[in-house]
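The values are calculated or read from the model by the stated rules, or taken from the named source; none is laboratory data. What you are looking at is a predicted structure, and each value in this text was computed from that prediction instead of being measured. Glycine gets a Cβ as well: all are built from the backbone with ideal geometry, and neighbour counts include every protein chain shown. The protein model used for the area step is the full one, side chains on, heavy atoms only, and it has no ligands, DNA or RNA in it. Shrake-Rupley method; radii C 1.70, N 1.55, O 1.52, S 1.80 Å.
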Amino acid sequence: MLILLPPSEGKNTVHKGKPVSLTSLSFGKELNPTRKKTLAALGLGLVKAPSAKAIDVYSGVLYQALDYQNLNTAAKKRAEKSIVIISALFGALKLTDSIPTYKLDMAKSLPKLGSLNALWKPVVTKALESIKTDLIIDCRSSTYQGVWTPDLKKTVGIRVFAEKNGKRSVVTHMSKKTRGDVAKFLVMQSKSPKTAQELQKLVAKEFKCELVKPEGKKSWFLDVIVKN
């Protein structure tokens, strides 16, 4: 099981800690050359800034719902192994990678480097395609989905809909919380799902949800229905 998360706009300010060390970050072989370029483009201050674990830096609603700090030891280990965060500054990260507080969006462009999405796509694709997994659970926002398009046959995108009086509507901001809730639920399970059908069966124990089969060039989708 591989769970893809976006970063969060909300971040805790890191006051203490060593500066970021690229050699200690995940996917260094594939991503460090590009990381050096993005860090250089943002200035020396960020290179020298104190860093902390990514899970302690990202503070948005998705990460609040994931509630990593209160997971038991086994669930934390599953989260550390299975979760990958797509980052505009670092490309891809694991929860325990140490990073500074930064402000950068994948939809932006940087001087001399151009579009961050286009910059990261080939190297992130190379890095993540090397991960062997039966199932990819995509909780990314649309801004970060373009960086890597995984194998559609084994990818399930998590969509969130609100239901009121029998009618459904797309949920925007609070969809982040629901995706965090789903990610937390999955890492708390002792056995990981290996297919889209197994995922739906498992998630249905906690959430109202429906599995949508792939159409055209689209992945599977698990539509999670929340009350409005």
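Write down the accessible area per residue of the stretch 101-228 in Å², having rolled a 1.4 Å probe over the full set of protein chains. Please report the intermediate quantities before stating the final value.
On the way: 7510 Å² over 128 residues.
Heavy-atom accessible area per residue stands at 59 Å².
Ignoring everything except DSSP H segments at least 4 long, calculate the 222 nm mean residue ellipticity for the chain; use -39,500 (n - 2.57) per segment, divide by total residues, nearest 500. Present the calculation step by step, with values, prior to reporting the outcome.
Values: 9 runs with 80 residues, N = 228.
About -10000 deg cm²/dmol.
By per-residue mean of other Cβ atoms within 10 Å, what is the highest-first order of 35-47, 52-64? Provide the component values of the computation, followed by the final result.
Numbers: 35-47: 14.8, 52-64: 20.5.
Going by the mean number of other Cβ atoms within 10 Å, highest first, we get 52-64, 35-47.
Entry note, the chain: relative contact order of 24 percent, from Cα contacts under 8 Å with a spacing of 6+ residues.
Our coupling estimate for the stretch 152-159, obtained by passing each phi through the Karplus curve with A = 6.51, B = -1.76, C = 1.60 and θ = phi - 60°, is 5, 5, 10, 10, 10, x, 9, 10 Hz, Gly and Pro reported as x.
Each residue, K218 and T133, gets one label point 7 Å from its Cα in the Cβ direction; the gap between the two is 2.2 nm. List, in the order given, every pair from K167/K217; K16/K53; K76/K213; K16/K48; K167/K208; K11/K132 whose Cα-Cα distance in the structure shown is over 20 Å. As for pairs spanning more than 20 Å Cα to Cα, those are K167/K217; K76/K213; K11/K132. Less than 5 angstrom separates the built amide H of V156 from those of I136, I137, D138, all sequence-distant by 5 or more or on a different chain.
On a full-extension model of 0.36 nm per residue, what is the gain between Q69 and E210, subtracting their alpha-carbon distance, rounded to one decimal in nm? Walk me through the numbers before you get to the answer.
Values: separation 141, 0.36 × 141 = 50.76 nm, distance 2.97 nm.
Gain on stretching Q69 to E210: 47.8 nm.
Proximity of backbone amide H atoms, modeled 1.01 Å from N, is registered between A88 and M106 at under 5 Å, excluding neighbours fewer than 5 places apart on the same chain.
Here's how it looks for C209: its modeled amide H is under 5 Å from those of I225, which are all 5 or more places away or on a different chain. As a fraction of the 1.4 Å probe accessible area of the stretch 91-228, surface on carbon and sulfur atoms comes out at 51 percent.
For the stretch 46-91, what is the accessible area per residue in Å² when the probe is 1.4 Å? Let's see the in-between values first.
Working: 1760 Å² over 46 residues.
Heavy-atom SASA per residue in the stretch 46-91 reads 38 Å².
Anisotropy class assigned to the stretch 8-51 is prolate, per the alpha carbon gyration tensor with a/c at or over the 1.5 cut-off and a/b larger than b/c.
From Cα pairs below 8 angstrom and at least 6 apart in sequence, can you work out the relative contact order of the stretch 52-144, rounded to a whole percent?
Values: 72 pairs, mean separation 25.0, N = 93.
The value is 27 percent.
For K177, a cut-off of 20 angstrom between C-alpha atoms picks up these aspartates and glutamates, skipping any fewer than 8 places away in its own chain: E9, D56, D67, E80, D105, D138, E163, E206, E210, D223. Its residues counted as N, the stretch 114-228 yields a C-alpha radius of gyration over 2.2 N^0.38 Å of 1.12. Test of understanding: extend the Cα→C-beta vector of M174 to 7 Å, then name every residue of the stretch 35-74 with backbone N under 16 Å from that spot. From the stretch 35-74, the list is 61-62, 65. Which pairs break 19 Å Cα to Cα here: K121/K184; K94/K194; K18/K121; K94/K184? Checking Cα-Cα distances, K121/K184; K94/K194; K18/K121 exceed 19 Å.
Take the Cα of S115, step 7 Å toward its Cβ, do the same at K153, and the gap between the two points is 2.9 nm.
Sort T155, T125 by accessible area with a 1.4 Å probe, largest first. Before the final figure, lay out the partial values.
Working: T155 5, T125 30 Å².
Reading off the accessible areas and sorting them downward yields T125, T155.
Applied to the stretch 94-99, the Karplus parametrisation 6.51 cos²θ - 1.76 cosθ + 1.60 on θ = phi - 60° returns per-residue 3J(HN,Hα) values of 9, 4, 8, 5, 8, 9 Hz, with x for Gly and Pro. Placing R0 at 41 angstrom, the Cβ-Cβ distance between K191 and K16 gives a FRET efficiency of 0.60 after rounding to 0.05.
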